[in-house]
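Scroll down for the structure; my scribbles are underneath it.
The values are calculated or read from the model by the stated rules, or taken from the named source; none is laboratory data. Owing to the predicted nature of the structure, the values given are computational and were not obtained by experimental measurement. Note that each Cβ is placed from the backbone with ideal geometry, even for glycine, and that neighbours are counted across all protein chains shown.
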Amino acid sequence: MSRRRRSARSDSSPNYQAKRQELLRTAAEVFREKGFEGATLNDIAERFGTDRASIYYYFASKKELFQALFHDILVDVLDNNIAVAEEIIGSDEDAPEKLRRLVEQQMDSYEKNYPFVYLYIQEDMAQLQLDSMSWGKDMARKTKRFETIVLEVLQQGVDDGTLRSDVSVQLMSKALFGMVNWTHRWLRPGMRKVDAKQSTEAFCTLFLDGARVES
């Protein structure tokens, strides 16, 4: 099996790559529903419509499959999110508008990259062994950069008087991320009653009505 897997890894054919991506998406859905600890390769194989032995053609273990979800997919997602966030913070807009755009960008990313980003939040990077994998450390660094951008925008708002100064920017940041990231527990693409756009509007109204300085 290991020889077969090594051969498969060098296979760049469209069919192999398409199957591998399909398997990753299927696995993400199973991990999303059952968590890393609760999900098994048998669960993933059954959902994928194959047997457990066929999974080993692509990945050596459940952990390797799980880590591939982040390494193969989410690194690019985080890069794009950071690029957009850097553009937002560099704009001439006021802090409340920058915050609105940052929330909009995050919610849009969650929806477009479902369930991968939500899985990233749900599992809290616990299985990535950041101390031993350079790409995992890079992902943590990118996540930290996005959080720093939000803090910088909040501080800008406090400094220019558009946001209240009696609440620390750290606490405001935690409140904002808590509200946005908690959507991993309930928001699904295609929901009839609420979608990412409606959530963005509601979150921004609730947060900014409390954080903005009254004129």
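Yes/no matrix, rows are residues, columns are (1) under 14 Å from the mean Cα position of the chain (by Cα); (2) part of a helix (DSSP H, G or I); (3) surrounded by 12 or more Cβ atoms within 10 Å (Cβ to Cβ):
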| position | (1), (2), (3) |
| --- | --- |
| K142 | yes, yes, yes |
| A175 | no, yes, yes |
| V180 | yes, yes, yes |
| G190 | no, no, no |
| S199 | no, yes, yes |
| E214 | no, no, no |
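Do we have S165 as at pLDDT 90 or above and surrounded by 16 or more Cβ atoms within 10 Å (Cβ to Cβ) here?
Working: at pLDDT 90 or above: yes; surrounded by 16 or more Cβ atoms within 10 Å (Cβ to Cβ): no.
In short, no.
Determine which member of the set D79, D108, D94 is in contact (Cβ under 8 Å) with a residue 60 or more places away in the chain and over 14 Å from the mean Cα position of the chain (by Cα).
Values: D79 fails: over 14 Å from the mean Cα position of the chain (by Cα); D108 fails: over 14 Å from the mean Cα position of the chain (by Cα).
Criteria check complete, one pass: D94.
What do you reckon, is A85 more than 17 Å from the chain's Cα centre (by Cα) and either buried (at least 18 other Cβ atoms within 10 Å of the Cβ) or not assigned by TED's automatic domain parsing to the domain that holds Q155 (or both)?
Working: more than 17 Å from the chain's Cα centre (by Cα): no; either buried (at least 18 other Cβ atoms within 10 Å of the Cβ) or not assigned by TED's automatic domain parsing to the domain that holds Q155 (or both): yes.
Criteria not met by A85.
From the list L65, L78, exactly one residue is assigned to a helix (DSSP H, G or I), in contact with a Lys or Arg (Cβ under 6 Å, 6 or more places away or on another chain) and either modelled with pLDDT under 95 or surrounded by 19 or more Cβ atoms within 10 Å (Cβ to Cβ) (or both). Which is it? Reasoning before the result, please.
Numbers: L65 fails: in contact with a Lys or Arg (Cβ under 6 Å, 6 or more places away or on another chain).
After applying the criteria, what remains is L78.
Which condition number in (1) assigned to a loop (DSSP other than H, G, I, E, B); (2) under 30 Å from F207 (Cα atoms); (3) touching a helix residue (DSSP H, G or I) at 6+ places or on another chain (Cβ under 9 Å); (4) not aromatic (F, W, Y) is the one that A60 fails?
That leaves (2) as the condition not met.
Suppose we filter the range 89-103 for residues that are out of contact with any Gly (no Cβ under 7 Å at 6 or more places or on another chain) and surrounded by 19 or more Cβ atoms within 10 Å (Cβ to Cβ); how many remain? Lay out the reasoning, then the answer.
Within the range 89-103, the first condition is being out of contact with any Gly (no Cβ under 7 Å at 6 or more places or on another chain), and the residues that meet it are 89-94, 97-103.
Narrowing the set further to residues that are surrounded by 19 or more Cβ atoms within 10 Å (Cβ to Cβ) leaves 98-103.
Adding up the residues that qualify gives 6.
Can you name the condition, by its number, that R100 falls short on among (1) assigned by TED's automatic domain parsing to the domain that holds L163; (2) among the basic types (K, R); (3) within 17 Å of the chain's Cα centre (by Cα)?
(3)
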